[in-house]
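Below you'll find the structure I mean.
Derivation of every value follows stated rules applied to the coordinates shown; laboratory data play no part. Small disclaimer: the values here were computed from a predicted structure and weren't measured.
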Amino acid sequence: MHSCKGEQQLSEYKLVRKQNRHEKTMVRVKECCIGDGDLTVIAGPCAVEEEEMTFELARALKHMGVHILRGGVFKPRTSPYSFQGLGWNGLEILAAAGQNAGLPVITEVTEAGDVEKVSRYADILQVGSRNMQNFGLLKEMGRSGRPVLLKRGFSATLEEWLLAAEYIMSAGNNQVILCERGIRTFENYTRNTFDINAIPALKRLTHLPVLADPSHGTGRRELVEPVALAAVAAGADGIMVEVHPQPENALSDGFQSLRPHELAPLINRARAVRDALHTGCVAR
């Protein structure tokens, strides 16, 4: 987007472009404010699997300082034979677990017709990577009145991603959060290639808050923490991490999920990186 053509195309971003708004957008979700300078932590299982486990995990995450509980209930999977989520029953479990722990909840919506009903349970609506250019869904998200977390498509350019955000905002919703979750490249050691460039680039281009998802960005548990710290150092407003009490038995993405005891030190180190940046004391 450094070319003359790219600069001309910036004029299409009437609402997301940084130059068109004097202040940074801060997205408020109950007591949490995303983009206010603090580090927002979203965590939870890839998929809601069972009620008791979800409740226990939510309470543990709250104790660690997590701000928002995540959990998938409608799971768009590459294979039709993979676990597709618990659907509406899972959504009720997620909402109840969040209420019990005192955490707002976020979940993915896959169908435009489900937006209104999901909005009754979820505090933030997520657009997943596969739906980033589902324009009917984006428009409905714009009419929802709920904050929206927009994940980058796994083959999307920054321009396409920002214009997807423009769809949501042009429909009347300015509470949009961008989430970098890795893109598809020829590399196959990791599930995706986490685009660290995207974070400082977006900070220059848009006023919207930017989060990082190192779980999907790497697909490997041992890489989640270092990539999360790199994202925070690059300027991310928060991180979104998958956590499961027994990843080896998870029905979805256990190989990239942290165990609860692995999350607390990650949060502490991520906050230390953010604090160091704010005080100008980053080690060189």
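How far, in nm, would the chain grow between GLN246 and ARG59 when pulled straight, counting 0.36 nm per residue and subtracting the alpha carbon separation?
So the extension gain works out to 65.7 nm.
With the calculation restricted to Cα positions, what are the radius of gyration and Dmax of region 62-170 in angstrom?
14.1, 40
Per DSSP H run of at least 4 residues, take -39500 (n - 2.57); add these up for the chain, divide by its residues and hand me the 222 nm value, nearest 500 deg cm²/dmol. Intermediate results must be reported in sequence, preceding the final value.
Numbers: 10 runs with 107 residues, N = 284.
Rounded to the nearest 500, it is -11500 deg cm²/dmol.
Do any of LYS30/LYS151; LYS151/LYS203; LYS18/LYS117; LYS30/LYS117; LYS14/LYS151; LYS75/LYS151 go past 24 Å between their Cα atoms, and which? Each step should come with its number before you reach the end.
Values: LYS30/LYS151 21 Å; LYS151/LYS203 16 Å; LYS18/LYS117 32 Å; LYS30/LYS117 19 Å; LYS14/LYS151 20 Å; LYS75/LYS151 14 Å.
Pairs exceeding 24 Å: LYS18/LYS117.
Report, ordered by chain and residue number, the aspartates and glutamates lying within cross-link reach of LYS62, taken as a straight Cα distance under 18 Å and ignoring same-chain residues fewer than 8 apart.
Cross-link targets: GLU31, ASP38, GLU51, GLU52, ASP123, GLU242, GLU262.
Next question, about the same structure. Give me the three principal axis extents of region 116-215 from the C-alpha atoms, as integers in angstrom, largest value leading.
For region 116-215, the Cα spread along each principal axis is 39, 27, 20 Å.
Could I ask something else about it? Using the Cα atoms of the chain, I'd like the radius of gyration and the largest Cα-Cα distance, Dmax, both in angstrom.
Cα-based Rg and Dmax for the chain come out at 17.6, 55 Å.
Let me make sure I get this right: for region 166-284, a, b and c are the square roots of the gyration tensor eigenvalues over alpha carbons, sorted descending. Under 1.5 in a/c it's rounded, otherwise prolate if a/b > b/c, else oblate. Which is it?
On the way: a/c = 1.65, a/b = 1.21, b/c = 1.37.
In terms of gyration-tensor shape, oblate.
Take the chain, connect every pair of alpha-carbon atoms lying under 10 Å apart with a spring to form a Gaussian network, then pick out the residue of GLY72, GLY145, GLY219 with the largest mean-square fluctuation.
GLY145
Indicate, rounded to the nearest 5 percent, the antiparallel portion of the DSSP beta bridges found entirely in region 123-251.
Details: 1 of 13 bridges.
Given both bridge residues lie in region 123-251, the antiparallel proportion sits at roughly 10 percent.
Could you tell me what percent of the DSSP beta bridges with both partners in the chain are antiparallel, to the nearest 5?
Values: 5 of 31 bridges.
About 15 percent, rounded to the nearest 5.
Still on this structure: If you average the alpha carbon positions of region 175-208 and of region 101-141, how far apart do those two centres end up, in angstrom?
Region 175-208 and region 101-141 have Cα centres spaced 20 Å from each other.
Checking the cross-link filter: which aspartates and glutamates have an alpha carbon closer than 14 Å to that of LYS139, excluding same-chain neighbours under 8 positions apart?
The reachable aspartates and glutamates, counting only those whose Cα sits under 14 Å from LYS139, are GLU111, ASP114, GLU116, GLU166.
Quick check: from the Cα gyration tensor, does region 223-267 come out rounded (a/c under 1.5), prolate or oblate? Intermediate results must be reported in sequence, preceding the final value.
Numbers: a/c = 2.77, a/b = 2.12, b/c = 1.31.
Prolate shape, in that a/c is at least 1.5 and a/b is the bigger ratio.
Does region 23-119 come out rounded, prolate or oblate, given a ≥ b ≥ c as the square roots of the eigenvalues of its C-alpha gyration tensor, rounded meaning a/c under 1.5 and, failing that, prolate meaning a/b above b/c? Walk me through the numbers before you get to the answer.
Values: a/c = 1.97, a/b = 1.36, b/c = 1.45.
Oblate, because a/c is 1.5 or more while a/b does not exceed b/c.
How much of the calculated P(r) for region 14-71 lies past 20 Å, in percent of all Cα pairs? Display every interim value, and only then the final one.
Details: 710 of 1653 pairs.
It works out to 43 percent of all Cα pairs.
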